[in-house]
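Here's the structure we're looking at; comments come further down.
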Ligand code: SF4
């Protein structure tokens with residue numbers, strides 16, 4: 001890789017500017033990297049940091065997590081959001097123990113076959129934990145590649161095979177250098193080539209960026225508004241889950257009724273938690289986190 005290629009420029013910038021994040025340390029286990037990648041989806045780094053440390057203090061290996069209940073995984077997930085990730089991560093730990101003797105596999109096909117591990121996470125673990133050459137494409141990477149290579153301001157709708165191909169073409173041939181470049185492109189998208197205000201003068205690829213060369217035309221169409229949370233079913237689900245997380249046993253319906261006035265919305269949110277495998281009924285009139293104790297008696 002020469003210093004003047006896209007990957008070379010971004011990698012050199014990364015070596016001097018990357019954030020000092022614990023999951024990037026050289027002695028971090030593949031399991032710790034997998035946990036970080038799952039937590040970082042849809043959640044900012046600052047919120048992930050304490051949760052990641054706490055999770056790995058309690059479950060330093062997949063085997064440790066696999067022995068615990070899904071309810072405990074939901075409790076430890078706390079308020080990170082999208083708590084199905086906690087249950088899927090525990091399912092993943094169980095599968096790692098059953099299929100791979102407790103070691104996170106290094107083959108892409110085996111990673112992709114794990115519960116809750118998709119295109120992005122599998123490649124991120126293969127690259128960042130095992131130093132392999134794979135295109136690791138998240139929103140930030142798609143945006144950087146789209147701007148720098150195609151000269152378009154926004155990556156637009158996801159076109160997964162095309163995204164993977166476009167990113168792979170930028171990677172050096174040597175696996176370790178490719179893995180470094182993957183981390184570097186992602187970091188560039190997070191810190192410099194941001195969605196709303198790219199800082200082109202501070203960018204290591206400014207001289208070869210197609211969007212910059214084209215005069216940097218502003219994105220067409222309205223800017224996406226942040227998603228509303230207050231008053232949504234998501235908020236009600238969070239409130240219900242908060243009560244169930246704090247409880248040491250089944251929680252009576254009447255207690256859950258107190259978290260939200262709108263009966264229909266509360267019932268919908270509770271039903272959604274049950275459907276998503278986060279909560280289960282106990283008898284006729286109580287609920288608890290999934291797997292929180294001995295098997296629940298079947299109602300009726
Ligand atoms: S020069 Fe600007 S638009 Fe191009 S990759 Fe860098 S920050 Fe993004």
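Couple of notes before you dig in:
- Rg/Rg_ref, the stretch 1-152, where Rg_ref = 2.2 N^0.38 Å and atoms are Cα: 1.10
- Potential lengthening of the chain between residue 197 and residue 47 amounts to 51.7 nm, from the contour at 0.36 nm per residue minus the alpha-carbon distance.
- By other beta-carbon atoms within 10 Å, ranking 292, 109 with the fewest at the front produces 109, 292.
- By other beta-carbon atoms within 10 Å, ranking 146, 92 with the fewest at the front produces 146, 92.
- If R0 equals 45 Å, the separation of the Cβ atoms of residue 69 and residue 264 corresponds to a calculated FRET efficiency of about 0.90.
- Rounded to 0.05, the FRET efficiency of the residue 100 and residue 230 pair, given R0 = 41 Å and the Cβ-Cβ distance, is 0.45.
- Take the Cα of residue 24, step 7 Å toward its Cβ, do the same at residue 82, and the gap between the two points is 2.1 nm.
- The chain pair-distance distribution - Cα-Cα, 20 Å bins, rounded %: 30, 51, 18, 1
- Rel. contact order, % - alpha carbon contacts under 8 angstrom, at least six apart, the chain: 17 percent
- On Cα atoms only, tilt of 175-191 relative to the major axis of the chain in degrees: 80 degrees
- Peptide ranges 110-116, 124-130, 252-258, 242-248 listed from the most packed, as the mean C-beta count within 10 angstrom indicates: 124-130, 110-116, 242-248, 252-258
- When the alpha carbon gyration tensor of the stretch 161-264 is reduced to an equivalent ellipsoid, its three semi-axes come out at 46, 21, 12 angstrom, largest first.
- Here the scattering of the stretch 49-110 is modelled by Debye summation over its C-alpha atoms, one equal scatterer each and no solvent; at q = 0.14, 0.15, 0.22, 0.26 Å⁻¹ the log10 of I(q)/I(0) is -0.38, -0.44, -0.88, -1.11.
- The label-point distance for residue 15 and residue 216, in a model that sets each label 7 Å from Cα toward Cβ, rounds to 2.7 nm.
- Between residue 169 and residue 284, the simple label model (points 7 Å from Cα in the Cβ direction) yields a spacing of 6.6 nm.
Each reported figure results from applying straightforward, stated rules to the coordinates on display, with no laboratory input. Just so it is clear, the model here is predicted, and its values are computed rather than measured. Cβ: placed from backbone, ideal geometry, glycine included. Neighbour counts: every protein chain shown.
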